[in-house]
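Participant: Please see the structure below; I have some questions.
Since every read-out is calculated from the coordinates, none of them should be taken as a lab result. Because the structure is a prediction, the values reported are computed rather than measured. Quick reminder, even Gly has a Cβ in these numbers, built from the backbone with ideal geometry, and neighbours come from all protein chains shown.
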DNA sequence: TTGAAAGCGCTAACAG
DNA sequence: CTGTTAGCGCTTTCAA
């Protein structure tokens, strides 16, 4: 199959120089006499030389690979994030290894170890389900940046997140401004920091304002359409149903809208529904979904930049938190409170 | 930062054996006395040894990395495909490097060279925009599997595709069975084989059956919602507009539906619309979109399996074509021909 | 069954 | 400014 592999040695021979000189040309390091540089470059082209990063990496113990570990790329939230990571990494000379954990903790651990094995320079963990100790442990072997961590995560690790609390707070306030007082909330996965903060944003807004606070207006969902459908049905069939339902993500909200339709309720005339994330689908469903926009692409870009800067800066040690802003996108699924 | 790196040497020292023995334990090769095996394993655990695949790869000139090169992961068609690739690769012991080309031919070339540089074992090119010669050239250095190639691609390279021709043929026939005779078609990108075949399927069906064939019922789109909106508007405002519009993908179809709405036409009462791909969004838009289902996940799985089998089988040389079936999913956007 | 040793392709001293 | 050389961590002969 693959024919003779061209190495730096072949290039040196053809160019009539030593290995060292070729290496220097490749790395741009040292000053090489321009005449020699030319000849080396010519030789490389002639031989179609492709450097062996594997050898380079073995020697330098560095690489230009970074891992991106996320729950599953088929969740419509992640492609934009992944693209942000990839674009920034690419711009900074890095390539990404994509790993779907399916929220399986052991699979995630295996992936991180594989990344260490491959001497990846760093890894971005999105909604990691690894125990805190594991993350600490791995961080000794590979640079880590987290996107959305666990509630109360204390590790000394860079973290990129969004203003989840404010996002939900603003959404509830907006519903209040439309006259709603009975606003329900469906959570997603309270083992993630972002979801806890969304819930806190809801609670704070409801308790602060002139809303009716009822425990049974809060349901525990699972970030899926089916979950939204089921819990939406329950909420809407209560004796005193809410007039507005906030959801922890857009898929849940879509499920709620479907439930409302199934119950012959109109959105937003009979009930208002709001989502979170602002995935592309929001604009395409009917009615178009009011949602709290998360800068998914930006998050990916930011995480990649933070990680690579850490990789390049040997003596950076203190970890930082970066919080990106959310923004309420008002569309057709929310309206004036009925009656 | 990263503390002392544990190598096979450290393990050997602790276990009181030689390097070779440790290596043999790791690879499961040779027969190692079980007593020594135990001690090596114990030492590896104690030291938290993580193998250096970089060194392994340098030595063996093999790796467990495969590249996945696709237009852009943010196109809703690709995440499912990528997941299929990843799952199968993972099952077979491989990891994937994700590369978005943004349909930029040079970027694609750079990525493929990077993959060769990293000694990836193989690469899956999805809708490659590389010239045929380049693909041939690269295939000397790295195993390649194509998903959806160029029209008339002749290279001796494994190819995974779907029955695009039959897909569109069946869709048009179905519209015929609903009484439609004026069926339009909007293409996507005729530089890809799949798109050409879809068009051919349309042409054949129209010319075969009792349809009205008109050149101006065929528009050249670009696989986007905006493109669909624009061309849909044009078609629907013709003096003799079509009563049904087939689209080369779902996004285009969604654009057409939006155009119909903007013109106060009802779908499907006034005009039927069908898409291609059957992305998740189809079920969520209103009306739910009739579409030709492509087995995206299966395509990814298949391509990964074919590639890895080629990697493992040294003397496999003849290339094969694998064609996966499409299936018409009838939903709400198509109906009886008006009047 | 094991140990010793060569070397994969490259970088980074170091001496010239 | 250039050539020589010693490894990076691992696999894989080859002897023992």
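Participant: Residues of the stretch A:173-211 with backbone nitrogen within less than 20 Å of a virtual label 7 Å along the Cα-to-Cβ line of residue A:136, please, listed as ranges.
Facilitator: The answer is A:192-193, whose backbone nitrogens lie closer than 20 Å to the label point.
Participant: Give me the distance between the Cα centres of the stretch B:155-197 and the stretch B:1-79, rounded to whole Å.
Facilitator: Distance between centres, Cα-based: 47 Å.
Participant: Quick check: from the Cα gyration tensor, does the stretch A:107-194 come out rounded (a/c under 1.5), prolate or oblate?
Facilitator: The shape class here is prolate.
Participant: A further question follows. Any chance you could run the full-extension gain for residue A:226 through residue A:35? It's 0.36 nm times the residue separation minus the Cα-Cα distance, nm to one decimal.
Facilitator: 61.9 nm
Participant: Can you grab the distance from the C-alpha centre of the stretch A:81-129 to the C-alpha centre of the stretch B:278-319, Å, no decimals?
Facilitator: 23 Å
Participant: Starting from the Cα of residue B:270, step 7 Å along the direction of its Cβ; do the same at residue B:214; then give the gap between the two resulting points in nm.
Facilitator: 1.7 nm
Participant: Which shape class, rounded, prolate or oblate, goes with the stretch B:1-142 when its Cα gyration tensor gives a ≥ b ≥ c as root eigenvalues, a/c under 1.5 marks rounded, and past that a/b bigger than b/c marks prolate?
Facilitator: Prolate, since a/c reaches 1.5 and a/b exceeds b/c.
Participant: Another question, then. Order B:5-11, B:225-231 from most to least packed using the mean count of other Cβ atoms within 10 Å.
Facilitator: By packing density, highest mean first, the sequence is B:225-231, B:5-11.
Participant: What list do you get for B:246, B:337, A:247, B:99 if you sort them by fewest beta carbons within 10 Å?
Facilitator: By the 10 Å Cβ count, ascending, the order reads B:337, B:99, B:246, A:247.
Participant: Counting DSSP beta bridges in the protein assembly as shown, what percent are antiparallel, to the nearest 5?
Facilitator: Antiparallel: roughly 10 percent of the beta bridges in the protein assembly as shown.
Participant: Please give the Cα centre distance for the stretch A:226-243 versus the stretch B:218-262, rounded to the nearest Å.
Facilitator: 37 Å
Participant: Sticking to Cα atoms, compute the Rg of the stretch A:231-276 to one decimal and its Dmax as the biggest Cα-Cα distance, whole number, in Å.
Facilitator: Expressed in Å, the Cα Rg and Dmax of the stretch A:231-276 come to 9.3, 27.
Participant: Could you tell me, in Å, what Rg and Dmax come out for the Cα atoms of the stretch B:218-296?
Facilitator: Computed over the Cα atoms of the stretch B:218-296, radius of gyration and Dmax are 11.4, 38 Å.
Participant: According to the square roots a ≥ b ≥ c of the eigenvalues of the Cα gyration tensor, what is the shape class of the stretch B:164-294, taking rounded for a/c under 1.5, prolate for a/b larger than b/c otherwise, and oblate for the remainder?
Facilitator: It is rounded, given that a/c, with a ≥ b ≥ c, falls under 1.5.
Participant: With each run of n ≥ 4 DSSP H residues scored as -39500 (n - 2.57), what mean residue ellipticity at 222 nm is computed for the protein assembly as shown after dividing by its residue count and rounding to the nearest 500 deg cm²/dmol?
Facilitator: -13500 deg cm²/dmol
Participant: I've got another one for you. Can you give me the relative contact order of the stretch B:1-113 as a percent, contacts being Cα pairs under 8 Å and 6 or more apart?
Facilitator: 21 percent
Participant: Rounded to the nearest 0.05, what FRET efficiency do residue A:207 and residue A:103 give with R0 = 51 Å and r taken as the Cβ-Cβ distance? Could you check?
Facilitator: Rounded to the nearest 0.05, the efficiency is 0.95.
Participant: What is the extension gain from residue A:336 to residue A:324, computed as 0.36 nm multiplied by their sequence separation minus the C-alpha to C-alpha distance, in nm to one decimal?
Facilitator: Full extension of this stretch gives 1.3 nm more.
Participant: Given that compact globular proteins tend to follow 2.2 N^0.38 Å, what is the ratio of the alpha-carbon Rg of the stretch A:8-51 to that value?
Facilitator: Working it through for the stretch A:8-51, the quotient is 0.96.
Participant: Run through every distinct alpha carbon pair of the stretch B:27-108 and return the Kirkwood hydrodynamic radius in angstroms, one decimal place.
Facilitator: Averaging 1/r across every pair of different Cα atoms and inverting gives 16.0 Å.
Participant: Additional query: Take peptide B:45-57, look around each residue's Cβ out to 10 angstrom, count Cβ atoms belonging to other protein chains, and average those counts.
Facilitator: Taking the mean over all residues of the peptide, I get 5.
Participant: Between residue A:61 and residue B:154, what is the label-point separation in nm under the 7 Å Cα-to-beta-carbon projection?
Facilitator: Here the modelled spin labels are 5.3 nm apart.
Participant: Work out the P(r) tail for chain B: percent of alpha carbon pairs separated by more than 38 Å, whole number.
Facilitator: 33 percent
Participant: Quick one: length gained pulling residue B:315 to residue B:173 fully straight, 0.36 nm per residue minus the C-alpha distance?
Facilitator: Going from the current span to full extension adds 46.7 nm.
Participant: Short version: what are the Cα gyration tensor semi-axes of the stretch B:266-339, square root of 5 times each eigenvalue, largest first, in whole Å?
Facilitator: 39, 12, 6
Participant: Taking each residue of A:70-78 in turn, how many C-beta atoms of other protein chains fall within 10 Å of its C-beta, and what is the average?
Facilitator: So the per-residue partner count for this stretch is 4.
Participant: Could you check the spin-label model distance between residue B:92 and residue A:47? Points 7 Å from the Cα along Cα→Cβ, value in nm.
Facilitator: 3.3 nm
Participant: Taking the alpha carbon gyration tensor of the protein assembly as shown, what are the square roots of 5 times its eigenvalues, largest first, to the nearest whole Å?
Facilitator: For the protein assembly as shown, the ellipsoid semi-axes come out as 47, 36, 21 Å.
Participant: Another question, if that's okay. Averaged over its residues, how many other protein chain Cβ atoms are within 10 Å of peptide A:92-99's Cβ atoms?
Facilitator: 4
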